[in-house]
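Colleague: Just passing along the structure, written as structure tokens.
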Amino acid sequence: MSLKFSDEATSKLEVLYERYPSKQPVILAALHLAQKEFGDLRDEVIDLVGETLDLSSAHVYGVATFYTMFRRKPGGKTSVRICTNVACMLRGGYDVLAAFEEKLGLKKGESNDEFSVIEEECLAACANAPAVVCGTKYFLDVTPDQVDEIVEFLKSNPHPESEVA
Amino acid sequence: MPAEIGTVLVTRRFGDEENKKITSYEAQGGYKVARAAMVKTREEIVDEVKASNLRGRGGAGFPTGLKWSFVPKDATDVHLVVNCDESEPGTCKDRELVYWDPHLLIEGMIIAAHALGAVHNYIYIRGEMMREYAVLVKAVEEAYARGYLGEKIMGSGKQACHITVHRGAGAYICGEETALLNSLEGLRGQPRLKPPFPAIKGLFGKPTVVNNVETIMNIPFIVEKGGQWFADLGVGRSGGTRTVCVSGHVEKPGVYELPMTITFRELINDICGGVWKGRKFKGLIPGGTSMPPLGESEIDVPVEFDALVTDERIKPVEVTEGVNFDMGGGRELRTMAGSGGIVVFDDQTDVVALTSRIMGFYHHESCGQCTPCREGTGWMDKICKRLANGEGKVGDVELLGNIANGIAGNTICALGEAAAWPMMGFLTKFRSEFLARETVGKADGNEGEAA
Ligand SMILES: Cc1cc2nc3c(=O)[nH]c(=O)nc-3n(C[C@H](O)[C@H](O)[C@H](O)COP(=O)(O)O)c2cc1C
Ligand code: SF4
Ligand code: FES
């Protein structure tokens, strides 16, 4: 069965086409929407985005694999992005990462249905290091002993990144 | 009058959630400057910006008025693109700026677009900034609804100005302006060869100005109060205030808008409550991780752009001990103000591990187009890791300096320098600590483990 964008996504894309001289610049928005609707960007989804934007699947694949926020395989509902870059490292970012890995039983880069654990580069929240971002939700000045509480919060309040797609 | 501590422009509306609403922005006089600017000529505004000594806040400190004047006078399809990709480690001002005061950015864009003759304009926002994306989209919608954006803005009857918020998807390199343009066009975000420069051939092949968020947010103040007023707030060739992001080992990290003349030592002690936990200062990164660090004897220099380049209290960066790095034509490299991301580290910090983390970052973010950058960042990452892990070999420090020297100046974009400069900079300022990690292959050392 071939995939289709929802009506909502289709109308969002149509609004965006007006803003550019061709459909090609809409590709990142289309990939974000596709990831929201289909969970990941497997081959069929890549094909769908290509057909929708009149682009080759090879082009879409090339773009999709360039950017780290796109995933080709299913991931957790909430992506927990934990910064370990310098400002966060200096204030315990690696300990926070380790605490999430232990609490969730996942190594960085791994996922279960609920969560993906992602070691992030600088999240532009350095003045509140260590920083953790889940969709539109920021956890700032995080200490390892807050990790239990954060995970419990996210279990009842998932923050999928598709919120803003 | 020179700015004093407490003179704030772009951060003045921080801290109040109400301020991001258009009603509150208008109540505080918002959009009046843009409206008044509509009857000014292009040249008048560009001249005002030139007189202001406003310099780009995205990293290079390039004079904004001059950049704008590169757009051909008779150009029609011009684009203004605002760079909100902020991902240089240590930098966190643009994210806060757009979160607290999105309408100031939009007003600045309307004025800049008018001065450039630009109709279709874009804000490229980093993919991970989801909360801020939502804030910007909302603010842009409000501005359309109130007639500040659209086909015939502010009752002008003729002028059109559109803003589209364009979301990235995770790639540091997309902050580099030509990579950003490729990404906006729907391509992989790889930098372009320059020339042609964006002002001549940029987005969709048209003349384009790319400016940082903070740069554009200063425009309404300049147009309202005059270029000279803004120039006088600053010092020398650097007008206005400086928004810095202080992180790391200080008691009160934060985003602070300060006079250009404040020194790093004053910043740490008077503004940020000193080094944390009563420890001693060891060093700092002055403008995002791509800028060479400063040690204890070098922090009585002001945060201003030119001071960091020329002040002789700052030791020039070396390739190896006693041999200065040559930027071309014999020019020395001290450091630069960069993105305003200041990362302070205390006397208990392992600078080798810190440098290793930085090299890991640039290796990960290299787009791979140029061999010196792709391979060089990989080698520096690997060698720094082994030094940090106690497996450093005799000669590694020399090798690192040479690799970095071979990258700088030999790549398509400045990511090459962004990795090479801090590498040489950390070696220059903390060489003995790196040398102490060369344990494998030492005559008295653990030769046997080398294999
Ligand atoms: C690797 C690299 C990353 C960059 N990242 C950013 C960024 O995140 N934000 C930014 O404003 N400028 C960034 N720049 C600088 C831009 O290329 C460009 O000079 C700047 O946006 C121009 O704006 P300005 O003149 O207002 O400073 C980066 C440059 C390089 C080489
Ligand atoms: S210098 Fe590095 S990041 Fe820049 S274009 Fe070359 S390979 Fe890509
Ligand atoms: S280094 Fe972690 S948010 Fe910037």
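Colleague: Region B:250-271 to region A:116-165: how many Å between their Cα centroids?
Modeller: Their Cα centres are 28 Å away from one another.
Colleague: Using a 1.4 Å probe on the protein heavy atoms, what percent of the accessible area of the protein assembly as shown belongs to carbon and sulfur? Show your work: numbers first, answer last.
Modeller: Numbers: 11970 of 23330 Å².
Reported share for carbon and sulfur atoms: 51 percent.
Colleague: Please compute the Cα-Cα pair-distance distribution of region B:300-433 with 10 Å bins starting at 0, giving whole percents from short to long.
Modeller: Bin by bin from 0 Å, the calculated values are 12, 43, 37, 8.
Colleague: Taking chain A as a Gaussian network, where each spring joins two C-alpha atoms under 10 Å apart, which residue of A:Lys73, A:Lys36, A:Lys108 fluctuates the most?
Modeller: Most flexible of the set in this elastic network: A:Lys73.
Colleague: Per residue of A:115-121, what is the mean number of Cβ atoms on other protein chains within 10 angstrom of that residue's Cβ?
Modeller: Numbers: counts 0, 0, 0, 2, 0, 2, 10.
For this peptide, the per-residue mean of nearby foreign Cβ atoms is 2.
Colleague: To continue, here is another question. Loop only per DSSP, at most 10 neighbouring Cβ atoms within 10 Å: give me the trypsin sites (Lys or Arg not before Pro) in region B:116-207, ordered by residue number.
Modeller: Working: sites: B:Arg126, B:Arg131, B:Lys138, B:Arg146, B:Lys152, B:Lys158, B:Arg167, B:Arg188, B:Arg192, B:Lys201; in loops: B:Arg126, B:Arg146, B:Lys152, B:Lys158, B:Arg188, B:Arg192, B:Lys201.
Qualifying residues, ordered by number: B:Lys158.
Colleague: So which aspartates and glutamates pass the test for B:Lys393, namely a Cα distance under 12 Å, with those fewer than 8 places away in the same chain ruled out?
Modeller: List returned: B:Glu438, B:Glu447, B:Glu449.
Colleague: Taking the alpha carbon gyration tensor of region B:36-139, what are the square roots of 5 times its eigenvalues, largest first, to the nearest whole Å?
Modeller: Details: eigenvalues 125, 51, 31 Å².
Working through the eigenvalues yields semi-axes of 25, 16, 13 Å.
Colleague: Related question: Mind jotting down a quarter of the surface of the convex hull over the alpha carbons of region B:50-201, in square nanometres, one decimal? Provide the component values of the computation, followed by the final result.
Modeller: Details: hull surface 37.4 nm².
Mean shadow area of the hull around the Cα atoms is 9.3 nm².
Colleague: What is the gain in length, in nm to one decimal, between B:Ala353 and B:Lys277 on full extension, counting 0.36 nm per residue of separation less the C-alpha to C-alpha distance? Numbers along the way, then the final one.
Modeller: On the way: separation 76, 0.36 × 76 = 27.36 nm, distance 2.08 nm.
Taking 0.36 nm per residue and subtracting the Cα distance, the gain is 25.3 nm.
Colleague: Estimate for me the total accessible surface buried between chains B and A (protein heavy atoms, probe 1.4 Å, no ligands or nucleic acids), in Å² to the nearest 100.
Modeller: On the way: alone 18040 and 9420 Å², together 23330 Å².
Separately minus together, B and A give about 4100 Å² buried.
Colleague: To the nearest 20 debye, what is the magnitude of the charge dipole of region B:241-438 about its Cα centre, counting +1 on the Cβ of each Lys and Arg and -1 on the Cβ of each Asp and Glu?
Modeller: Roughly 460 debye for region B:241-438.
Colleague: If the viscosity is 1.567 mPa s and the temperature 4 °C, what Stokes-Einstein diffusion coefficient in µm²/s follows for region A:32-165 when Rh is the Kirkwood radius over Cα pairs? List each step's numbers first, then the result.
Modeller: On the way: Rh = 15.6 Å.
My calculation gives 83 µm²/s for D.
Colleague: Please check which bits of region B:316-347 a label hung off B:Arg431 would reach, taking the label as a point 7 Å along Cα-to-C-beta and the cut-off as backbone N under 14 Å.
Modeller: B:316-325
Colleague: Can I ask one more? Looking at the calculated P(r) for the protein assembly as shown, what percent of the C-alpha pair distances fall above 32 Å? Don't skip to the answer; put the middle values down first.
Modeller: Values: 89644 of 189420 pairs.
Above the 32 Å cut-off, the protein assembly as shown has 47 percent of its Cα pairs.
Colleague: Take the Cβ-Cβ distance between A:Tyr94 and A:Thr65 as r, set R0 to 25 Å, and report the resulting FRET efficiency rounded to the nearest 0.05. Show your work: numbers first, answer last.
Modeller: Working: r = 28 Å, r/R0 = 1.11.
Approximately 0.35, to the nearest 0.05.
Colleague: Sort out for me the Cα centre separation of region B:318-334 from region A:1-69, rounded to whole Å.
Modeller: The distance from the Cα centre of region B:318-334 to that of region A:1-69 comes to 48 Å.
Colleague: Then there is this: Describe numerically, in nm with one decimal, the distance between label points set 7 Å from Cα along Cα→Cβ at B:His364 and at A:Glu18.
Modeller: Going by the 7 Å Cα→Cβ label model, 4.0 nm.
Colleague: Determine the per residue accessible area of region B:17-233 with all protein chains present and a 1.4 angstrom probe, expressed in square angstrom.
Modeller: Values: 7070 Å² over 217 residues.
Normalised by residue count, the accessible surface of region B:17-233 is 33 Å².
Colleague: Straight-line reach from B:Lys282: which aspartates and glutamates fall under 17 Å, measuring Cα to Cα and dropping same-chain residues less than 8 apart?
Modeller: B:Glu251, B:Glu266, B:Glu296, B:Glu298, B:Asp300, B:Asp346, B:Asp347, B:Asp350, B:Glu433
Colleague: Using only helices, what value at 222 nm comes out for chain B when you add -39,500 (n - 2.57) per DSSP H run of length 4 or more and divide by the total residues, to the nearest 500 deg cm²/dmol?
Modeller: Details: 16 runs with 166 residues, N = 451.
That calculation yields -11000 deg cm²/dmol at 222 nm.
Colleague: How much accessible area per residue does region A:7-64 have, in Å², with a 1.4 Å probe? Kindly include the intermediate steps, with their values, before the conclusion.
Modeller: On the way: 2570 Å² over 58 residues.
Spelled out: the 1.4 Å probe surface of region A:7-64, per residue, equals 44 Å².
Colleague: Output the residues of region B:359-383 meeting this criterion: accessible area (heavy atoms, 1.4 Å probe) in the chain alone minus accessible area with all protein chains in place is 20 Å² or greater.
Modeller: Flagged in region B:359-383: B:Phe361, B:His364.
Colleague: Compute the label zone of B:Ile5 within region B:257-298: residues whose backbone N is under 15 Å from the point 7 Å along Cα-to-Cβ.
Modeller: Once the point is set 7 Å along Cα→Cβ of B:Ile5, B:257-275 turn out to lie under 15 Å by backbone N, inside region B:257-298.
Colleague: Where in region A:55-94 does the label zone of A:Asp141 land, with the point 7 angstrom along Cα→C-beta and an amide N cut-off under 16 Å?
Modeller: Residues A:88, A:91-93 fall inside that zone.
Colleague: Relative contact order for region B:17-233: what is it in percent, counting Cα pairs under 8 Å that are at least 6 residues apart? Could the numbers behind the result be given before it?
Modeller: Numbers: 402 pairs, mean separation 65.7, N = 217.
Relative contact order for region B:17-233 comes out at 30 percent.
Colleague: Run through the DSSP bridge list for the protein assembly as shown and note the antiparallel percent, rounded to the nearest 5. Kindly include the intermediate steps, with their values, before the conclusion.
Modeller: On the way: 25 of 53 bridges.
The antiparallel proportion sits near 45 percent.
Colleague: State the volume of the convex hull built on the alpha-carbon positions of chain B, expressed per residue in Å³ and rounded to an integer. Could you put the intermediate results ahead of the total?
Modeller: On the way: hull volume 63.9 nm³, N = 451.
Measuring per residue, one finds 142 Å³ for the Cα hull of chain B.
Colleague: Separate question: Could you work out the Rg to Rh ratio of region A:7-64, with Rh taken as the Kirkwood radius (inverse of the mean 1/r over all Cα pairs)?
Modeller: Working: Rg = 10.4 Å, Rh = 11.2 Å.
That ratio equals 0.93.
The values are calculated or read from the model by the stated rules, or taken from the named source; none is laboratory data. Remember, predicted model here, so these are calculated numbers, not experimental data. Note: ideal-geometry Cβ built from the backbone for every residue, glycine included; neighbour counts use all protein chains shown. The accessibility values were calculated without ligands, DNA or RNA, using every heavy atom of the protein model including side chains. Shrake-Rupley method; radii C 1.70, N 1.55, O 1.52, S 1.80 Å.
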